[in-house]
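The structure appears right after this line, and notes come after that.
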Amino acid sequence: MSDDMMLIQEYAQSNSEQAFATLVSQHVNLVYSVALRQVHDPHLAEEVTQAVFILLARKAKSLSPKTILSGWLCRTARNLSANTLKIQRRRQFHEQESHMESILDESESDPWAQVAPHLDEALNCLGQKEHDAVVLRFFDGKDLKHVGAAMGTTEDGARMRVNRGLERLREFFTKRGVTLSTAAIAGAVSANSVQAAPAGLAAAITVAALSGSTITTTAVIAATKAIAMTTLQKTFIISTAAVLTGGVIIEARQLAKAHAEAQTLRQQLRPMTDEIQQLQGEREETARQIASLREENEKLNGSTGELLRLRGEVGRLRLESRDVERLRAENHRLHVAQTEPSPIVVGQGQSSTSNSIPLYTRMIKVDTEALLSKSRSSSVDNGDSNPNVVQQSLLQFLKDNGVQIEPPAAAFIDQTNGTLIVRASLASLDKIETLLQDIRSHNQNNTNGGP
């Protein structure tokens, strides 16, 4: 897969603005050059270039991984340029149409201007009876009664011939693109078919005709040629005017057709224009979201650094806490080791191999303060809290009360949890419990205010 298509896929999958910007920067010169060669207008080429990349953004997901992006961009630029030129041409046609419509309106408002170019040709297509009836009725201006008398028929017969002639004229004009009613044709021909001849022409003809004895054959021939030439000139002028007018009318109709096509094309392009505007709006919204996400990402990066720092601090505190717990346990173990006179195994049935009397270990819950106070009162201790001194005071107290604790027998008081641990014979253990019971009872009496 090419680098271009990798960027296309990155944009299609994650809307990467950076990937699309890279594509635009790499190919914008190519697309602009193709568009400029087609439309020959820098501003229009910029619009085409923008439209090409908008279309690329819309079709990014549908492009095949094997697409040659440069080729695709060139083809798209040519197609859009061609469509843009078509729209421009149709806009120009629309402007020309507006101008030609005014000409058509003037022509359509004057039926004679439409009829005159085709009138003589139309009269040549009529039969002799219809031709003569039309000439008598509209060229000479005779009423139907006189037309009928001149043609040797009745008034109704003359009317029928005139009507047939007008209908055939209407059919002829319709085939030439001139749509008029028979009444309009009759009115136009009656009002305009006979024009006034130049002043003096009738007199010149009369003089020439009456003085025929003095006019040579050459003069007659020259006059005939002059008249013929004048007629040919008039015919040529009329024909030329008819061709020009017909061309104008045809061009105007073509412009009207082009205008309709342009209108249809506008309607077809309107959804695409709306879609392009929607895509531009979505692109702007996406850009705003990307900017917001970047800002939020920067904030999160700052928060992440602070979080990592706090996590490191918590880890360090946890390590220190474990060290403190370990030191406490070690301290307690050392304290117990310092205060014990000898190792004591908790359990029953343990006997000494050096003495025939079996020894037992017993843990007795006691009032530590009362016991220590009693043991101190019976010893020389003055309240020293040293563990060794406390231990000696306890052993002296038990000895004074008839309980001899000598190795392997042992006694130890745990001041932290109020427990007296004794290893001795059963008799000694029972006696110690009796002493402790007496101490407890005495302490309760003192607390209750007894003797």
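Rounded to the nearest 0.05, what FRET efficiency do residue 444 and residue 306 have when you use their Cβ-Cβ distance and R0 = 60 Å?
0.50
Arranged from highest to lowest average of other beta-carbon atoms within 10 Å per residue, in what order do the peptides 313-326, 13-26, 155-168 appear?
155-168, 13-26, 313-326
Test of understanding: ordering 27, 40 by Cβ neighbours within 10 Å, fewest first, what list do you get?
With the fewest neighbours first, 27, 40 line up as 40, 27.
Structure shown: which of 61/299; 86/257; 365/399; 175/257 lie over 22 Å apart, alpha-carbon to alpha-carbon?
Where the Cα-Cα span goes over 22 Å, the pairs concerned are 61/299.
With each pseudo-label sitting 7 Å past Cα toward Cβ, what's the residue 121-residue 404 distance in nm, one decimal?
According to this spin-label approximation, the distance is 16.4 nm.
Kindly rank 300-310, 73-83 from highest to lowest mean number of other beta carbons found within 10 Å of each residue.
Packing order, densest peptide first, comes out as 73-83, 300-310.
Among 68, 134, 80, which residue has its Cα furthest toward the positive end of the charge dipole of region 50-180, with +1 on Lys/Arg Cβ and -1 on Asp/Glu Cβ?
Looking along the dipole axis, the top candidate is 68.
Bear in mind that the values in this text are calculations on the coordinates, not laboratory data. Bear in mind that the values here come from a model prediction, so they are computed numbers and not experimental data. Note that we place each Cβ from the backbone using ideal geometry, even for glycine, and neighbour counts take in every protein chain shown.
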